[in-house]
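Asker: Have a look at the structure that comes next, please.
The values are calculated or read from the model by the stated rules, or taken from the named source; none is laboratory data. Source: prediction; values computed, not measured. Counting neighbours? That spans all protein chains shown, and the Cβs are built from the backbone with ideal geometry, glycine included.
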C-alpha cells in the first residue's frame, strides 16, 4: 500500500515527491495546483465567493462583436475539424530470391494519409464567373459593369466586380484553418539487385512510384489571358492532383498547358 496525500501549493503549480523512511516502507506524495491569485488591499477581502470571480477592469460582457469587424480584410474560420490529428498508414511487401549469386528483391510500398492539416479559402470566386473575363477586374461602379447588369452587393461597398461576386463580398480571403480535408496517397514498385565480390558489394535499385495529394499543394488552375498566371480554386473531394514531391510532373503539365495556349513557343 502506498498512502497518498494531496496538497495544493500557491507557490508552485505542480510538484511530486517520493521518499523512503528508515523502516523501508515506501511513501509517496503528490500535489497539483493551478492557482489564480487576487490581491487584497489589506482592508477588504480579495473577493466574495458568493459573487463569483470578479471581471478584470474594463471588461465588457458579450455580445460586443461589431458586424463590420474585419470588413475589407482577411478573416479566419475554425470549423469543427480544427486541430484534429491526421492519420497516416504505411504498408509494404517484398520478396527476395538468389539468382546466379545475385540477390534480387522486388517489393511494394505504399501509404495513405487522411485528415491532414490544410487550409482552404471559403471565399473563392465561383468558377462559373470566370467567363466574365476582363470585366471581373472593373470597378463595381464602372459603366461596363452597370451595362452588364451588376450592382454593388451592399451599400458602401468598394471594390471590383470579382470581389462583389465572392460568397462573402465584405471579406477578402476567408481561410478555413486546419480543416482536415487534406489527404495523400503513395504507391511504389521497388526493385533491388545485390552481389558481393569479396570486400566489395554491387547494388542497384529502381523505384517506380506515384504520389497524389488533395488540398495539400497547388493543384487546379484556371485558364487565363494574362499568361502563366493561375487562380487556385478550393480543392474538394475527388479533385486529386500532384503530390508535393512530384515537381517534375507538375511543371511539365504547366508547360504543356502554356504551349497549348500559345504562351510558350517551341524552339
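Asker: Can you name the condition, by its number, that residue 30 falls short on among (1) more than 30 Å from residue 180 (Cα to Cα); (2) in a loop (DSSP other than H, G, I, E, B); (3) modelled with pLDDT under 80?
Answerer: That leaves (2) as the condition not met.
Asker: Select, from 191, 162, 249, the only residue that is modelled with pLDDT of 85 or more and assigned to a helix (DSSP H, G or I).
Answerer: 162
Asker: Looking at the range 77-115, which of its residues are more than 31 Å from the chain's Cα centre (by Cα), over 17 Å from residue 209 (Cβ atoms) and part of a strand (DSSP E or B)?
Answerer: 95, 96, 97, 98, 99, 102, 103, 104 - these are the residues of the range 77-115 that are more than 31 Å from the chain's Cα centre (by Cα), over 17 Å from residue 209 (Cβ atoms) and part of a strand (DSSP E or B).
Asker: When you scan the range 134-154, how many residues do you find that are loosely packed, with under 14 Cβ neighbours inside 10 Å, more than 31 Å from the chain's Cα centre (by Cα) and either within 25 Å of residue 77 (Cα to Cα) or touching a residue at least 24 places away in the same chain (Cβ under 8 Å) (or both)?
Answerer: The total comes to 2.
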